[in-house]
Each structure stands twice: as C-alpha cells, then as structure tokens.
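Structure, as structure tokens:
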Amino acid sequence: IILQVVYNANKFSSLVAEKRKCQNWLDYYQIKYSRNPSTKPTTKTGFLGICGERVDAIDHYTSEIARISGEISTEREKVVSNRDAIMPAAFVSFKTRWAAATCAQTQQSRNPTQWLTEWAPEPRDVYWDNLAIPYVSLAIRRLVIGVAFFFLTFFFMIPILFVQSLANIEGIEKAVPFLKPIIEMKVIKSVIQGFLPGLALKLFLIFLPSILMIMSKFEGFISLSTLERRSATRYYIFQFINVFLGSIITGTAFQQLDNFIHQSATEIPKTVGVSIPMKATFFITYIMVDGWAGVAGEILRLKPLVIYHLKNWFLVKTEKDREEAMDPGTIGFNTGEPQIQLYFLLGLVYAVVSPILLPFIILFFALAFVVYRHQIINVYNQEYESGAAFWPDVHGRIVGALVVSQLLLMGLMSTKEAAQSTPLLITLPVLTLWFHRFCKGRYEPAFVKYPLQEAMRKDTLERAKEPNLNLKSFLHSAYVHPAFKEADNEGDDSDEDLVSTKRHQSKHSSKHSFSSLPEDPERSLL
C-alpha cells in the first residue's frame with residue numbers, strides 16, 4: 001500500500017505559478033538582449049509594466065525569481081510540517097486490483113461518517129484546486145449553487161422572450177411604428193423572421209458554459225470529469241427549459257397571451273399542443289444557424305485561429321508561449337454532448353408532429369459524426385480517462401427526451417379529432433420509465449463498481465504474464481501535487497508524459513481515503 005496525504009497547497013501552487021511567469025519574462029528579455037546586445041531591455045515595476053519605476057528587465061526578473069524561490073522554500077516547509085495544512089483525506093494505492101476494489105467498495109467503519117472510501121480519479125483527472133475545501137462546507141456550497149442555477153435558468157427567460165418576439169413582425173411594428181417602412185422591406189423582413197432569432201439566441205448562450213463550469217468548481221468536485229459531467233447536465237437542463245420549452249410555450253403564449261390567460265386549466269394542454277407545430281420553423285432555423293454552422297465552424301476552427309493570432313500578437317513572448325497558444329485543448333464534453341442531445345430531443349418530438357424537421361436533424365448528425373470523429377482522432381488531446389462515466393448521464397437524458405416527446409404528443413393529440421386515444425398513450429411514458437429503471441438497476445453498477453471476480457482474474461493474468469512488473473516508482477509520485485513536482489523538477493521535462501501540467505485537479509476533503517484508479521481504467525492498482 002502506498003499512501004499520499006492530501007495537503008492544502010493552494011498558496012504554494014500560486015507561488016510556483018508566479019515563479020513560472022517571471023521565468024518566462026526573464027527568458028523573453030534574455031532572448032531580446034541576445035539579439036541586440038547594444039541595448040539592455042528595461043521594464044516598469046508597476047501594474048502590468050505600464051507604470052512605476054523603470055528598471056533593468058533582466059536584473060529585475062532575476063531578483064524576483066530569487067525572492068519567489070525563497071518564499072517557495074518557506075511555504076513548502078510550512079505545508080509539509082504544519083499539521084493544519086494536512087487535510088483529512090488521502091490517496092491510497094494498492095498492489096492489486098482486488099485489494100483496491102475491496103477497499104473502495106466497502107464500508108470501513110461502523111460510523112458511516114468516518115473512513116469513507118471511493119474510487120479516486122486517475123492522476124490526470126484530479127482537480128487539485130478543490131482539495132483544500134472542507135468536507136462540511138460541500139453541502140452548503142451545493143445548496144447555494146442549486147439556488148443560483150434555478151434563478152439563472154428561469155430569469156434567463158426574459159431575453160428569450162425578447163428573442164422570440166423578434167420573429168413576430170406585427171409585434172415589432174406595434175411597438176415601434178416608425179420603423180414599419182424599414183421592416184416591410186423584403187430583405188430586412190426575411191432576416192428578422194429567419195436568422196435573427198436563432199442568431200440572437202446563440203449569442204446569449206455563448207458565455208453560458210463558462211458560467212456553469214465556474215459554478216461546478218465552486219461546488220467542490222474532485223475531478224475534471226465530474227466537473228464536466230455536472231456542467232453538461234446543467235447545460236442540458238438550461239437548454240431544455242429556455243431553448244426548447246421557452247421557445248414552444250412562451251413563444252406561443254406571447255402571441256396568444258389574452259386567450260392563454262383567460263382559458264381554463266383544461267384548455268392549456270391544447271394550447272401547448274397547438275404551439276408545437278407552430279415553432280417548427282424556428283427550430284429549423286435554429287438547427288441551421290447553431291447546428292450546421294457550428295459543425296462547419298468546428299472543422300474550420302475559426303475561433304481558435306482568431307484566438308491564436310490575438311495571443312501571438314499580444315501575449316506570446318517565448319517559444320513556450322507559442323506552443324501553449326497553439327495547444328488545441330480537449331473536445332469539451334460539457335458543451336458538445338448536451339448540445340447534440342438537444343437536437344436528439346428535437347428529432348424525437350417533431351418526428352410525429354412535423355417530420356419536415358427530420359432531414360435537417362439527420363443532416364446535422366451525419367455532418368457531426370464525420371467532423372467530430374476527425375477532430376477527436378487528429379486534433380484534440382485526451383485530457384483524462386474517466387472509464388465511460390458519462391454514459392449513465394447520457395442514457396438518462398435520452399430516456400428523458402423520449403418521455404418528453406411522448407407527453408407532448410399526448411398534448412397535441414388532445415387538440416385533434418383523436419382525443420379519445422390520448423388515455424391510451426399514457427402507457428408509453430410508463431413503459432419508458434420502467435425500461436429506464438430496469439437499465440439503471442441492471443447496467444449502471446458496471447459503470448460505478450469494479451467486479452471482484454474481474455479484478456482477481458486480471459491480477460492472476462498479470463502475475464502470469466508479467467511476473468517482474470513493478471509500478472511502485474510510478475505509484476509513489478502519481479498523486480503528488482503537480483506544484484511539488486514542478487518545484488522539484490525545474491527545467492526537467494521528463495515527467496511531462498506522466499502527469500499533465502495544464503489542467504490539474506479537483507477533490508473534496510473530509511475524512512476521505514481514495515482507492516485510486518490509474519490512467520488505464522482497468523488497472524486498479526493505484
């Protein structure tokens with residue numbers, strides 16, 4: 001057994017990052033001076049180098065690095081020796097898969113609040129910034145974020161209402177009658193009714209994933225994969241309520257507000273049923289503007305190209321900066337996966353109601369398959385291995401989309417002559433939910449637990465094939481904080497292949513011990 005105690009090393013990590021930044025500036029000015037020895041580079045010591053006393057740049061950053069190095073040594077000694085810096089959590093690595101599975105999946109103490117164990121994320125997947133969050137504060141943080149997400153979701157309906165009103169030419173003419181001659185122009189009218197609503201909605205949503213990721217980090221989750229799964233779930237819920245339901249219900253209610261307010265409760269399903277086919281044109285436009293254009297933008301990578309050139313002009317100082325600016329990053333499951341599932345929901349809902357929408361959906365999925373397959377294989381980096389942890393969430397959202405499509409079909413049928421068949425349709429969501437419960441109970445444990453039989457089989461097979469295999473050296477440093485590794489291996493890039501130094505970290509603290517799952521999800525030795 002190898003034990004890695006969790007330290008509160010956030011301040012130490014920030015000092016290492018500050019030293020790295022100063023070292024980068026020092027390299028830049030040294031290169032600049034080597035190209036023009038007749039002129040020594042200078043810099044100002046104030047904010048962003050635009051104010052303060054002008055000094056010799058090389059001497060300034062050399063002294064800064066020396067000062068920060070001293071602070072790093074002091075802080076490291078403080079972290080290692082101070083008991084308050086030791087968090088009540090640890091990474092525990094085992095020699096065999098069987099031992100790791102047994103420890104991770106059993107209760108260790110009679111007291112259910114002590115010696116809690118769970119599978120640890122693999123080393124690249126750990127989010128170190130959240131390691132110092134006290135366990136007792138996690139419930140409060142998640143409650144706060146839950147309330148904040150509720151208000152973010154439902155108050156966002158205000159700009160959605162405005163977007164939907166843009167598709168109503170008559171409403172705009174009533175609000176601003178002096179613009180009627182301009183609005184009635186054929187080109188302007190087609191733009192307002194066709195592309196403007198979908199484009200405006202896309203602009204509103206462009207900053208949403210970053211906000212949701214910040215909220216997930218505040219909750220204190222311990223791995224990048226968990227952060228992305230939580231952000232993906234919230235992003236899908238947000239789009240379901242605001243883009244889908246908001247466009248169907250509020251858009252139609254906006255057009256029929258007087259009738260909607262004065263009608264009885266039994267008539268509301270009819271109003272919703274009528275609204276579904278009425279918004280098919282809007283969703284066709286949305287698929288073209290957001291889906292088709294998004295896939296084209298993905299293969300062209302115009303946004304990363306623009307960002308790279310902006311960084312190259314204003315931020316790149318050394319070759320290391322240029323390599324970081326050119327890094328393609330990861331595919332971003334927290335945004336791409338819920339977006340694709342929204343189109344899947346639209347396809348299920350409109351397959352019966354307005355089948356004319358299906359060719360647009362099918363073409364989107366065909367393009368997305370070709371493009372994203374190419375991007376995953378040839379462009380993006382794999383940041384971590386989560387062992388297919390996304391699939392249970394994806395399956396749940398697919399079943400949810402199927403239930404929603406069945407309920408909306410019932411609402412639509414109640415407005416037609418076949419209203420008597422509506423009670424018979426109740427069996428569809430009931431059977432679908434039963435199927436989901438069956439799949440959840442039958443197959444979900446395979447994604448969250450590791451069978452002891454499989455662990456024993458692989459341990460036996462490994463001992464027979466590789467009797468001299470020794471992972472102790474790797475396990476000894478696998479869960480050391482990256483800041484400690486960087487401080488120990490300055491100027492040595494030999495460990496970069498083992499542990500990524502870009503996007504590290506997450507983990508909640510408490511009396512948690514973590515049986516670790518390594519980079520290969522089947523090797524439960526860590």
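The values are calculated or read from the model by the stated rules, or taken from the named source; none is laboratory data. The shown structure was predicted, so the numbers you read here are calculated from the model rather than taken from an experiment. Neighbour counts are summed over all protein chains in view; Cβ atoms, including those assigned to glycine, are modelled from backbone coordinates with ideal geometry. Side chains are part of the model used for accessible areas, which takes the heavy atoms of the whole protein and leaves out ligands, DNA and RNA. Shrake-Rupley method; radii C 1.70, N 1.55, O 1.52, S 1.80 Å.
Need pairs with beta-carbon distance below 8 Å; first residue more than 15 Å from residue 394 (Cα to Cα) and within the stretch 431-450, second among the β-branched types (Val, Ile, Thr) and in a loop (DSSP other than H, G, I, E, B); sequence gap 6+ or separate chains.
Going by the 8 Å Cβ cut-off, there are no qualifying pairs.
Of all residues in the stretch 204-241 being among the hydroxyl-bearing types (Ser, Thr, Tyr) and in contact (Cβ under 8 Å) with a residue 12 or more places away in the chain, which is farthest from residue 89 (Cα to Cα)?
The qualifying residue farthest from residue 89 (Cα to Cα) is 236.
Output the residues belonging to the stretch 124-156 that are in contact with a strand residue (DSSP E or B) (Cβ under 8 Å, 6 or more places away or on another chain) and open to solvent by less than 80 Å² (accessible area, probe 1.4 Å).
Correct list: 125, 126, 127, 131, 132.
Which is in contact with a helix residue (DSSP H, G or I) (Cβ under 7 Å, 6 or more places away or on another chain) and at pLDDT 85 or above, of 431, 407, 358?
358
Identify the single condition in (1) open to solvent by 70 Å² or more (accessible area, probe 1.4 Å); (2) in contact (Cβ under 8 Å) with a residue 12 or more places away in the chain; (3) in contact with a Ser or Thr (Cβ under 8 Å, 6 or more places away or on another chain) that residue 53 does not satisfy, given that it satisfies every other one.
(2)
Name the pairs whose Cβ atoms lie under 6 Å apart, with the first residue in the stretch 118-143 and at positive phi and at pLDDT 85 or above, the second in a loop (DSSP other than H, G, I, E, B) and open to solvent by 50 Å² or more (accessible area, probe 1.4 Å), and 6 or more positions between them or separate chains?
none
On the given criteria, is residue 117 polar (S, T, N, Q) and closer than 30 Å to residue 27 by Cα?
No; evaluated as a whole, the condition is false for this residue.
Test of understanding: among 29, 61, 33, which residue is among the aromatic types (Phe, Trp, Tyr), open to solvent by 40 Å² or more (accessible area, probe 1.4 Å) and farther than 30 Å from residue 455 by Cα?
Residue meeting the stated conditions: 33.
Which number in (1) open to solvent by 50 Å² or more (accessible area, probe 1.4 Å); (2) in a helix (DSSP H, G or I); (3) in contact (Cβ under 8 Å) with a residue 12 or more places away in the chain; (4) not aliphatic (A, V, I, L, M) marks the one condition that residue 369 misses?
With respect to (1) open to solvent by 50 Å² or more (accessible area, probe 1.4 Å); (2) in a helix (DSSP H, G or I); (3) in contact (Cβ under 8 Å) with a residue 12 or more places away in the chain; (4) not aliphatic (A, V, I, L, M), residue 369 is out only on (3).
Restricting attention to the stretch 111-122, does a residue exist that is closer than 21 Å to residue 10 by Cα, open to solvent by 70 Å² or more (accessible area, probe 1.4 Å) and among the hydroxyl-bearing types (Ser, Thr, Tyr)?
Among the residues of the stretch 111-122, not one is closer than 21 Å to residue 10 by Cα, open to solvent by 70 Å² or more (accessible area, probe 1.4 Å) and among the hydroxyl-bearing types (Ser, Thr, Tyr), which makes the answer no.
Report, by residue number, each residue of the stretch 304-328 that is of a type in the set (Val, Ile, Thr) and closer than 26 Å to residue 374 by Cα.
Selection gives 306, 307.
For the stretch 438-454, give me each residue that is within 23 Å of residue 386 (Cβ to Cβ), assigned to a helix (DSSP H, G or I) and under 31 Å from the mean Cα position of the chain (by Cα).
Within the stretch 438-454, 439, 440, 441, 442, 443, 445, 446, 447, 448 qualify.
Could you tell me whether the stretch 471-493 includes any residue that is open to solvent by 30 Å² or more (accessible area, probe 1.4 Å), in contact with an Asp or Glu (Cβ under 8 Å, 6 or more places away or on another chain) and modelled with pLDDT under 75?
The answer is yes; a qualifying residue exists.
Looking only at residues that are out of contact with any Asp or Glu (no Cβ under 7 Å at 6 or more places or on another chain) and in a helix (DSSP H, G or I) in the stretch 373-393, which one is surrounded by the most Cβ atoms within 10 Å (Cβ to Cβ)?
Looking at the filtered set, the residue picked out is 393.
Where residues in the stretch 436-470 are of a type in the set (S, T, N, Q) and under 16 Å from residue 100 (Cβ atoms), which of them is surrounded by the fewest Cβ atoms within 10 Å (Cβ to Cβ)?
The extreme case among them is 453.
Given the criteria outside any helix (DSSP H, G or I), within 20 Å of residue 247 (Cβ to Cβ) and open to solvent by 40 Å² or more (accessible area, probe 1.4 Å), does residue 415 qualify?
yes
Any residue in the stretch 300-320 that is open to solvent by less than 50 Å² (accessible area, probe 1.4 Å), assigned to a helix (DSSP H, G or I) and within 30 Å of residue 275 (Cβ to Cβ)?
No: the stretch 300-320 contains no residue that is open to solvent by less than 50 Å² (accessible area, probe 1.4 Å), assigned to a helix (DSSP H, G or I) and within 30 Å of residue 275 (Cβ to Cβ).
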